[in-house]
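Let me begin by presenting the structure, written as structure tokens, before commenting on it.
The values are calculated or read from the model by the stated rules, or taken from the named source; none is laboratory data. Owing to the predicted nature of the structure, the values given are computational and were not obtained by experimental measurement. For neighbour counting, all protein chains shown are included, and Cβ atoms are generated from backbone atoms with ideal geometry for every residue, glycine included.
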């Protein structure tokens, strides 16, 4: 069956349908990773986005071998090049799952043209539809809605009884990130709207990754928490969390032309480089860091994006990349160890 | 970064003649290294005996020593050139061996030489199997479990074995293939109870068997600061048990889940650290995907065949970056040359797939088809596509082998089943045939170990191909092209010609789309024009260039069409660019310099078939195409190009003339009419006619089929038994039968011309008698070779031919002399295999002159002053082909060559001895009589004594044989790499018994 990807600027791509037969719009983003597709598709940060796989021949292994990052596919829709037809166990299984979860897919698309388009025209909205005369809107979903959708619906406590107490603010975390952090102590997972008691009860406040715009005012309550915690309770974060921490403590945020989505970016700490996993459209403005209480600890080798910022004396550290990998290299620079060390730093 | 590059004087070690397992990939790596060193202002000295490579071209290094690569020569150069740095990691095992020898014998220390690459300790660690294993275990790297089973405790020991199946290695053999696979406890008990019942068997090491697992490779680059990246990973489609050089390989991996991939990647980087890698390194793993386990197998502390493939697959030039690193640069200080604007410290990503298929010398060694843990392949093709299927089929098309019978589905299932059930050099084709015949996926998987997912994808394609064969191809053409099926495959199955299908596509405006390789999946804009094509997508290239010339490369390395042609292609591109024109290169060979993206103005990595060549002609509106540097490939395609685009599209000698010279029967007729002598001949088009012709002229004869690469299906037939055998194997087609002239001398004459203006580049004389392929004979050149009258007669003949065929550009004439008369063997309207040797010996850029002749009709005369003598010395792969026929003949079987130069003939013979690693003593077998010459004295010996003497002296003592056909003894020698010389002339030449006529 024919299916279309229509862009808000009037451009269109034709392909064939897979997954659910529903119309979904979202911001177009591309990922350059050639493996770990299911890990990427279930990453809640992709909520509100239509995901384009730059690598053409995907779904060659069965998806359950990837480590699922949430309870289902979080991207609005999936765009791939591959295949004259859907065959192979991997592709058929993904197709079935997307049908079940109401996620539309389109294949047989000239994805390289699409990637170049996204690269050159920046953040652009699109819709996956079976109707070439689609007349609906291309509105962005609000950040708060996206987060509410993928965040926890109730409060959860993990590893109860462990000595360290962690407040994990879950704005749409990947499960491997939660797994890594919760291994450090009794973890109270709180969503965007959860009641949060005294922050002084915790040994660490952690802000997860998540979808949407980190400067959204709906996140101001979290920024308040971070400001209150600075110097008192260790604070750490990843990706979206990193951006929120930065913006809480005086740095400014900026939208990138087309973001980083892939598992091949080199990050430098000034001495060595590490290859890291990325998925973000926003970043901390490097110039604005001097107005904050944070310092740059690592940066992207190609475009200077602030990759790790912090203030160890005040117990703060965060990274733009995904130290949990999944997909991609796992914790190349020892971020999780640094987080564990934060409480010591602040106590001394 | 180092500042003292100005005072650096670096010796780069080359890899020598092309042999199986160490071939053109090092031409590529070594040439890149030299170019980078020179660009950094470093005085670069090269040692390489291989004349066929662009690496030994005068433009590559400051000083080039074309001589035997051995310790003595290296030391001599180090002293003479005041060397203070050495690059040995670009030359395979040869480079590492020389480095270790220089290190062990104190030369490195004595002259204060910096080892620019991985240190000897690291190299040793990688090479010593047990040391490597131990280090890996210490560092928590996954290695296959192993255990020692002892005679007095074997039952208890077996209790603790948790890794079935395992291999019990009963003897320590190279490559570890002589082991017994034990599948379960029961088998183990049976095996050990019988093993330990034998006196003297006290213990045995067992190791987990990795046979059948998925083999993976990781290409790693690491710098002095410890920064390390993975350039790419590669998945072998053939499972463990088939050497990675013999396996079909896809990049990036398709069937490996990310968490396994990431863990292998992490361990690969760790292994590079353990081995103290400076530059490039390759790490191999065996993966058990279902059990989510993997094992490190081995690591190569240098550039390799895989790094060449990885460079071409990703666009990330590994040898280039590795050279910057050994010069002291950190990865972060190096730009990624392909994008020009990003850092080299990143991991390339692909938005396309590449598939490599090895090329085996199956027509040369038809007796050995099985493949396994030893390499037999001589080259490889790489297909690039926007899907796995497209990449795979483009790699198939690039093989330049007609596989129609496999795709057509008329092959008996029995034959297919038999041939997919063991690894062999046509298995991939039989797998296609199995899919075409609808054999079960699961069954094929069980027999081959190929992944079911991969087979399912290919099944899609074979279904489409079946529909093209039985249905209306024209209506579904768009569907086939979208699926990535090349025209040539459609042509095989439908019987329509490639020209027909091309015209059909042009009618439907179904032209290829040009895509760019940018190492970042489009994330960054790239300035480099490294391109491939697909269908029904956007073009990445829109800007135009003026005056474009398309150069056709020579495709995958094969015996008889190898590195020499790549040398000429690269020189041609450089000349065209020097002339201010734009050179576009098309080639399908990942191992070569011509497919380096910064050689030409635009590089198309594509199969050399009409479809892709004409795609570029149309899309890029080229002014013309040059086919003279592509070996036989372009000669075969010229008339099709002319049919579609007109005769004038092919620059140089016209397609019509090429046809006139390629058709042996037509050409022989031309010679007859012009009173040019040739061996008496007859044409034949059936077996009956062949027999008839042979009866007429009498044995011995030479029979050949037309349009040949290196003389496929050429045989000397000496008796009726051989004739019968030949007739049984001969397919339908045109044959040329000529009287075989015994005891004649053969010559190779290369020239450039524009109709009646002719300049001879050089004439080489074969030492072996006529009848030995020109690529297999030792050939010499120098003052007084050949005699004046022979040169004059050669000139007269080529003038006649060139005038008649209006030749323009290169020509190569092969002829014989017997009893004072000259007989023509064949004529090629293209650059020959000997052009690089002659260019290097004469010091003249003949390819440059040839290009000017082709493009401008210029023939600028230049007096050729040659000093001394040179020899081209072939090397043979007989030691790898156990069932081969060990006789030199008209079928070329050497894989490469070395070059030696000398001041006089005696010195030349000495240089050949050095290259062969032999002394003055030898054994000669004349008509079954054996003589052992040592210390200047000849001693009659029996055959048995001869064998025991050979066993004692090994490779230093050569074996000569004439008027005798002792195949067993030849085999004995080849398997031990004892140099063998066949024929009376070479015997006399090597032992200074031959009078070379007219030498002053």
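Every residue, every condition in (1) under 20 Å from residue B:292 (Cβ atoms); (2) within 10 Å of chain B (Cβ to nearest Cβ), yes or no:
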{"residue": "A:31", "(1), (2)": "no, yes"}
{"residue": "A:35", "(1), (2)": "yes, yes"}
{"residue": "A:44", "(1), (2)": "no, no"}
{"residue": "A:50", "(1), (2)": "no, no"}
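Of all residues in region B:510-522, none are part of a helix (DSSP H, G or I) and either over 22 Å from residue B:386 (Cβ atoms) or within 13 Å of another protein chain (Cβ to nearest Cβ) (or both). Test residue B:484 against the stated conditions and say whether it is in contact (Cβ under 8 Å) with a residue 12 or more places away in the chain, within 27 Å of the chain's Cα centre (by Cα), surrounded by fewer than 18 Cβ atoms within 10 Å (Cβ to Cβ) and within 25 Å of residue B:633 (Cβ to Cβ). No: the conditions fail for residue B:484.
Restricting B:658, B:625, B:676 to residues that are assigned to a helix (DSSP H, G or I) and surrounded by 17 or more Cβ atoms within 10 Å (Cβ to Cβ) narrows the list to B:658. A residue that is at pLDDT 95 or above and in contact with a strand residue (DSSP E or B) (Cβ under 7 Å, 6 or more places away or on another chain) cannot be found anywhere in region A:135-144. Do the conditions hold for residue A:82, that is, is it within 14 Å of another protein chain (Cβ to nearest Cβ), in a loop (DSSP other than H, G, I, E, B) and in contact with a strand residue (DSSP E or B) (Cβ under 8 Å, 6 or more places away or on another chain)? When the stated conditions are applied, residue A:82 passes them. For the residues B:254, B:275, B:269, the requirement of being under 23 Å from residue B:392 (Cβ atoms) and either buried (at least 24 other Cβ atoms within 10 Å of the Cβ) or within 14 Å of chain A (Cβ to nearest Cβ) (or both) singles out B:254. Within region A:123-178, take every residue that is surrounded by fewer than 17 Cβ atoms within 10 Å (Cβ to Cβ) and on the phi > 0 side of the Ramachandran plot and give me the one that is farthest from the chain's Cα centre (by Cα). Going through the qualifying residues, I end up with A:161.
If you go through region B:428-459 and pick out every residue that is more than 13 Å from chain A (Cβ to nearest Cβ), touching a helix residue (DSSP H, G or I) at 6+ places or on another chain (Cβ under 6 Å) and in a helix (DSSP H, G or I), you end up with 10. Within region B:471-481, the set of residues being out of contact with any helix residue (DSSP H, G or I) (no Cβ under 9 Å at 6 or more places or on another chain) and in a helix (DSSP H, G or I) comprises B:475, B:478. The residues on offer are B:199, B:246, and the sole one that is without any contact (Cβ under 8 Å) to a residue 24 or more places away in the chain and either out of contact with any strand residue (DSSP E or B) (no Cβ under 6 Å at 6 or more places or on another chain) or not in a helix (DSSP H, G or I) (or both) is B:199. Number of residues in region B:546-565 that are in contact (Cβ under 8 Å) with a residue 60 or more places away in the chain, assigned to a loop (DSSP other than H, G, I, E, B) and more than 17 Å from the chain's Cα centre (by Cα) equals 1.
Considering region A:252-265, the residues that are surrounded by 23 or more Cβ atoms within 10 Å (Cβ to Cβ) and farther than 12 Å from residue A:320 by Cβ include one that is nearest to the other protein chains (Cβ to nearest Cβ), namely A:264. Given the structure, is residue B:30 in a loop (DSSP other than H, G, I, E, B) and surrounded by 24 or more Cβ atoms within 10 Å (Cβ to Cβ)? Against the criterion (in a loop (DSSP other than H, G, I, E, B) and surrounded by 24 or more Cβ atoms within 10 Å (Cβ to Cβ)), residue B:30 does not qualify. Checking region A:86-94 against the condition returns a match, with at least one residue being closer than 28 Å to residue A:325 by Cβ, surrounded by fewer than 16 Cβ atoms within 10 Å (Cβ to Cβ) and within 8 Å of chain B (Cβ to nearest Cβ). Please specify each residue of region A:315-334 satisfying the condition of being buried (at least 24 other Cβ atoms within 10 Å of the Cβ), touching a strand residue (DSSP E or B) at 6+ places or on another chain (Cβ under 7 Å) and more than 8 Å from chain B (Cβ to nearest Cβ). Listed by number, the residues that qualify are A:315, A:316, A:317, A:318, A:319, A:320, A:321, A:322, A:323. For residue B:217, the criteria (1) crowded, with 22+ Cβ neighbours inside 10 Å; (2) within 14 Å of chain A (Cβ to nearest Cβ) hold in every case but one, which is (2). Here the condition is being within 14 Å of chain B (Cβ to nearest Cβ) and under 25 Å from residue B:482 (Cα atoms); of A:118, A:106, A:128, it holds for A:118 alone. Here residue B:698 meets each of (1) more than 23 Å from residue B:894 (Cβ to Cβ); (2) crowded, with 19+ Cβ neighbours inside 10 Å; (3) modelled with pLDDT of 90 or more with one exception, condition (2). Only one of the numbered conditions (1) more than 19 Å from residue B:88 (Cβ to Cβ); (2) more than 12 Å from every other protein chain (Cβ to nearest Cβ); (3) in a helix (DSSP H, G or I) is violated by residue B:323, and that is (1). A count restricted to region B:460-472 and to residues that are more than 14 Å from chain A (Cβ to nearest Cβ) and buried (at least 21 other Cβ atoms within 10 Å of the Cβ) stands at 0.
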